[in-house]
Amino acid sequence: MALIYLKGGTEHVLINAVREAHIRPFQATDWTDLRVGFFLSVTRAASDDDPTTLTETISGSPGVAWTDRVQIGLTDRATGQTFLGYSNLPSRARLESLGDTKLVSSDIGIGTTNARYWRPSHASPPPNGDVDSVHIIDGGQSRATAPDGSQIHLVQDTATAGGYCTLLTLRLRRDNSTSRARIIRMEVKKATAGGHSSDILFNTDPSLAILQAQLEAFPTSVSTLGPVELSQVPDSMYFYWPFHSSRLRIHACGILKVA
């Protein structure tokens, strides 16, 4: 069962239980430019504030189920069949797919020059285990995938990472603002100069003011997924962490309707 952890005596942090999902509905009508952001971190299953020794592999035979994949993004309340956001599902795969789910120690890219962060991957089959990280999913499979450059990193070493939580953001666009408009494009930050990071920032202040400012100043270097015609328009934030040895912490989240 999820709990509220009081961090530093002032910050209330939602910590999902092991392999527990958290869905947070929102209302945003008649939009053509909708942005969402999340301040996130991870901690050990047995501790509310310890992001160390979390390495894990989830294997399946013949494939790995969708419930064994990272899911951080948006869905719809009507069916729960759509998903737009971060996941280590292989590119263009169906929801039960080949390739282990892994949580690996990482630098800010896809290497191990230092051990400041944790990064989910599917590792096999090659070559895209360390690349696949952002999807639009509907109809039981990935309909669009971001190319290399949009990996997520959650803090392992708070002393050197620049903070204890990571800000991630997504941007949805559509040409028609009516509630029935289901052709949607999604943008996500893409690292420049061959980098491998979608992280907006790492900090110790997951405040509303910082979240709003970062959503307003959405990155200009992005990958665009779609357009895809979805079966439903997303109306809920969705957070699911599939690992057994760690739990997902949600420090803050929010939406911004720009147009």
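The values are calculated or read from the model by the stated rules, or taken from the named source; none is laboratory data. Bear in mind that the values here come from a model prediction, so they are computed numbers and not experimental data. We place every Cβ from the backbone using ideal geometry, glycine too, and count neighbours over all the protein chains shown.
Things worth noting here:
- Flag for Ala123 being more than 16 Å from Gln71 (Cβ to Cβ) and out of contact with any His (no Cβ under 6 Å at 6 or more places or on another chain): yes
- The residue pairs whose first member lies in the range 8-23 and is farther than 23 Å from Asp76 by Cα, whose second member is assigned to a strand (DSSP E or B) and aliphatic (A, V, I, L, M), and whose beta carbons are closer than 8 Å, counting only pairs six or more residues apart or on different chains, are His12/Ile4; His12/Leu6; Val13/Ile4; Val13/Leu6; Val13/Ile250.
- Subset of the range 73-124 (residues that are within 21 Å of Met186 (Cα to Cα) and in contact with a helix residue (DSSP H, G or I) (Cβ under 6 Å, 6 or more places away or on another chain)): Leu95
- Only residues that are charged (D, E, K, R) and either within 24 Å of Thr29 (Cα to Cα) or in contact with a Gly (Cβ under 7 Å, 6 or more places away or on another chain) (or both) were counted across the range 210-254, and they come to 3.
- Of all residues in the range 111-148, those satisfying the criterion of being buried (at least 19 other Cβ atoms within 10 Å of the Cβ), of a type outside the set (Asp, Glu) and under 14 Å from Ser197 (Cβ atoms) are Arg116, Tyr117, Trp118, Arg119, Pro120, Ser121, Val131, Ser133, Val134, Ala146.
- Subset tally (residues that are in contact with a Phe, Trp or Tyr (Cβ under 8 Å, 6 or more places away or on another chain) and either buried (at least 21 other Cβ atoms within 10 Å of the Cβ) or under 22 Å from Arg77 (Cβ atoms) (or both)) for the range 41-57: 3
- Every residue from the range 180-223 that is under 29 Å from Thr113 (Cα atoms), β-branched (Val, Ile, Thr) and in contact with a Lys or Arg (Cβ under 8 Å, 6 or more places away or on another chain): Val188, Ile200, Val222
- Test: Gln151 is in contact (Cβ under 8 Å) with a residue 40 or more places away in the chain and surrounded by fewer than 22 Cβ atoms within 10 Å (Cβ to Cβ): no
- Complete set of residues in the range 156-191 that are part of a loop (DSSP other than H, G, I, E, B) and closer than 20 Å to Val70 by Cα: Gln156, Tyr164, Lys190
- From the options Ala217, Ala191, residue that is out of contact with any Asp or Glu (no Cβ under 8 Å at 6 or more places or on another chain) and without any contact (Cβ under 8 Å) to a residue 12 or more places away in the chain: Ala217
- Of all residues in the range 160-203 being β-branched (Val, Ile, Thr), touching a Ser or Thr at 6+ places or on another chain (Cβ under 8 Å) and at pLDDT 95 or above, the one that is farthest from Leu225 (Cα to Cα): Thr166
- Those residues of the range 178-215 which are in contact with a strand residue (DSSP E or B) (Cβ under 7 Å, 6 or more places away or on another chain) and farther than 16 Å from Phe39 by Cβ, in sequence order: Arg182, Ile183, Ile184, Arg185, Met186, Glu187, Val188, Lys190
- Conditions (1) out of contact with any Pro (no Cβ under 7 Å at 6 or more places or on another chain); (2) of a type in the set (Lys, Arg); (3) closer than 23 Å to Thr178 by Cα; number of the one not met by Arg77: (1)
- At least 2 residues being among the aliphatic types (A, V, I, L, M) and touching a strand residue (DSSP E or B) at 6+ places or on another chain (Cβ under 6 Å) is the threshold, and among the strands (runs of 3 or more DSSP E) wholly inside the range 41-155 those reaching it are 71-75, 101-106, 134-138.
- None of Arg94, Arg44 is under 28 Å from Ile4 (Cβ atoms) and of a type in the set (Lys, Arg) except Arg44.
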